[in-house]
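First up is the structure itself, then whatever we jot down about it.
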Amino acid sequence: MAEKETESTRVYLRFKETFGGRKRSRGRGKRSDEDGASSRPFGSGRDPKGIGDVMNTLTNRLGWDSTLSQAELINRWAEVAGDSTAAHSEPVGIEGGLLTVKCDSTAWATQLRLMRVEILGRIATRFPEAGIESIRFQGPNVPSFKRGPRSVQGRGVRDTYG
């Protein structure tokens, strides 16, 4: 004796048919083997992955490895340069493979220039994806008319008369 379907059962079956992807017969009968074969809970490719693996795959696909590695280098400057050196220097930016580090004094900038090869070696081993090719150490900001990226020959800005 077939049970009479209620409206809620019909709505449920319609939703299941629409959103579930497979149709269900309304009569009694056995499930076919085809329905169960398409979804296996422990089949290949169904193993859960860690969030770290998922994030690494995502950053590789989007090409963020270099940018993230550069940001990590700036955040971990104390580990690369050492605690005492990091207390007197701060990385201010990376542009075109050039890491710019601002120092507290010209003495610290000179000392770090002497340590350039050692610091570049540490960066290359810990952050190879950052793409750092060179480091520029700057002293404190003191205006100079003789040297700089936009300097000109001659008297420059002091030449106000003829």
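Glu133 falls short on exactly one of the conditions (1) touching a Gly at 6+ places or on another chain (Cβ under 7 Å); (2) open to solvent by less than 60 Å² (accessible area, probe 1.4 Å), and that condition is (2). Among the residues making up segment 67-80, those that are hydrophobic (A, V, I, L, M, F, W, C), under 16 Å from Ile135 (Cα atoms) and out of contact with any Leu (no Cβ under 8 Å at 6 or more places or on another chain) are Ala71, Ile74, Trp77, Ala78. Of Glu79, Glu95, Glu90, all but one fail to be at negative phi and under 18 Å from the mean Cα position of the chain (by Cα); the exception is Glu95.
Let's see how each residue does on (1) open to solvent by 100 Å² or more (accessible area, probe 1.4 Å); (2) within 30 Å of Pro91 (Cα to Cα); (3) at pLDDT 80 or above:
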| site | (1), (2), (3) |
| --- | --- |
| Glu5 | no, no, no |
| Phe15 | yes, no, no |
| Arg28 | yes, no, no |
| Arg31 | yes, no, no |
| Glu34 | yes, no, no |
| Gly45 | no, no, no |
| Gly50 | no, no, yes |
| Thr57 | no, yes, yes |
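Cβ-Cβ distances below 7 Å connect the following pairs, each with a first residue in segment 65-78 that is open to solvent by less than 50 Å² (accessible area, probe 1.4 Å), a second residue that is at pLDDT below 90 and acidic (Asp, Glu), and a separation of six or more residues or different chains: Ser66/Glu129; Ser69/Glu129. Taken over segment 81-93, residues that are in contact with a strand residue (DSSP E or B) (Cβ under 8 Å, 6 or more places away or on another chain) and either open to solvent by less than 10 Å² (accessible area, probe 1.4 Å) or modelled with pLDDT of 90 or more (or both) amount to 6. Could we say that Thr100 is part of a strand (DSSP E or B) and surrounded by fewer than 19 Cβ atoms within 10 Å (Cβ to Cβ) here? The answer is yes for Thr100. In segment 114-125, the residues that are within 16 Å of Asn75 (Cα to Cα) reach residues that are hydroxyl-bearing (Ser, Thr, Tyr) and assigned to a helix (DSSP H, G or I) with C-beta atoms within less than 9 angstrom, at least six apart or across chains, in these pairs: Ile119/Thr85.
The values are calculated or read from the model by the stated rules, or taken from the named source; none is laboratory data. From a predicted model like this one, the values you see are computed outputs, not experimental measurements. Reconstructed Cβ throughout: ideal geometry from the backbone, glycine too, with neighbour counts over all protein chains shown. Note: accessible area is taken over every heavy atom of the protein model, side chains too, but ligands, DNA and RNA are not part of it. Shrake-Rupley method; radii C 1.70, N 1.55, O 1.52, S 1.80 Å.
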